[in-house]
Amino acid sequence: MKVAVCINHVPDTETKIKVSSDGVSIDKAGVNFMLSPYDEVAIEEGLKIKEKFKGEVTALSLGGDSHKETLRKALAMGVDKAVLLKDEGVRDSFGVAAGLAAELKSLSPDIILFGKQSIDYDGAQVGTLVAEMLGMPSAAVVVKMDVEDGKVFCEREIEGGHEVVETKLPAAFLAQKGLNEPRYPSLKGIMAAKNKPIEEKPAVAAEIRVETTAMKKPVPKSAGKILGTDKSVVPELIRLLHEEAKVI
Ligand SMILES: Cc1cc2nc3c(=O)[nH]c(=O)nc-3n(C[C@H](O)[C@H](O)[C@H](O)COP(=O)(O)OP(=O)(O)OC[C@H]3O[C@@H](n4cnc5c(N)ncnc54)[C@H](O)[C@@H]3O)c2cc1C
């Protein structure tokens, strides 16, 4: 079984994001980056499929040299090969998907795994776009996967329950948390990953369809008002909620 996992290098969830002086991008100075958490789940699923069916798992990331750090983590977790599709320029989700799809077409995997969304731009688009570009079926928000006889039986998380779907391979799957418990890289894996090669090639150029025109921080919340601590303030509280906050 040939499995490909697409992984993104994203700001650490603890990072306080600042908008750059250009107003359209984040200021990367002092920001720690990490493997996107849903992509960690996707890697784990790829490794489990390989353990069951043999074959190989290739991790792909599109971006600048910094993405090598995330590819090394995938190698440390146990993927067999890592490919960096290099681009330091500007891309939207479509451009990222087009770059990945071009490489995946020649790799021709049976299963392509993605996270359900990347925790930086939260587009939740790349996996489905890639599947469409490659003309293959896809299932999103997957919390259970069983591979059998060239088919995959999946459970997808939907509002208030799970939807059970079935698809033929090749196909793409977008991992949701709960699909598995990602393994920690072992010390042996971390040491071995240091010497494993990362294949580097330029990402194919792609049309940009969506341009970021501004990035804004949320408006800071105004300070709260304390009217008092006994029940005599209730009428005033109701008046303020009605006339000022306009919530009742
Ligand atoms: C070279 C480059 C330049 C960019 N320039 C800009 C810019 O100038 N302004 C701006 O606002 N944004 C920029 N971006 C961000 C870009 O627009 C996308 O939004 C982002 O890469 C993907 O985020 P998403 O939220 O669309 O992904 P989602 O659709 O949420 O991601 C879903 C899944 O797709 C896979 N995936 C996503 N991204 C990658 C990747 N890069 N490599 C491999 N797998 C991936 C992962 O499995 C992920 O879990 C750039 C990205 C790249 C790589």
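Of the residues K50, K68, the single one that is more than 30 Å from A205 (Cβ to Cβ) and of a type in the set (K, R) is K50.
Condition check: in contact (Cβ under 8 Å) with a residue 12 or more places away in the chain, within 13 Å of the ligand (Cβ to nearest atom) and not acidic (D, E). Does L47 satisfy that? Quick ask: steps written out before the conclusion?
Numbers: in contact (Cβ under 8 Å) with a residue 12 or more places away in the chain: yes; within 13 Å of the ligand (Cβ to nearest atom): no; not acidic (D, E): yes.
Criteria not met by L47.
Of all the numbered requirements in (1) in contact with a Leu (Cβ under 7 Å, 6 or more places away or on another chain); (2) more than 13 Å from the ligand (Cβ to nearest atom), L104 misses one, and that requirement is (2). Pairs meeting the criteria (first residue in the range 108-136 and in contact (Cβ under 8 Å) with a residue 60 or more places away in the chain and basic (K, R), second residue more than 8 Å from the ligand (Cβ to nearest atom) and assigned to a loop (DSSP other than H, G, I, E, B), beta carbons under 9 Å, at least 6 apart or on different chains) are K116/Q176; K116/K177.
Of the residues making up the range 158-205, those that are open to solvent by 80 Å² or more (accessible area, probe 1.4 Å), among the acidic types (D, E) and part of a strand (DSSP E or B) are E166, E199, E200.
The values are calculated or read from the model by the stated rules, or taken from the named source; none is laboratory data. None of these values were measured; they are calculated from a predicted model. Neighbour counts run over all protein chains shown; Cβ positions are idealised from the backbone, glycine included. These area figures cover heavy atoms from the full protein model, side chains too; ligands, DNA and RNA do not enter into them. Shrake-Rupley method; radii C 1.70, N 1.55, O 1.52, S 1.80 Å.
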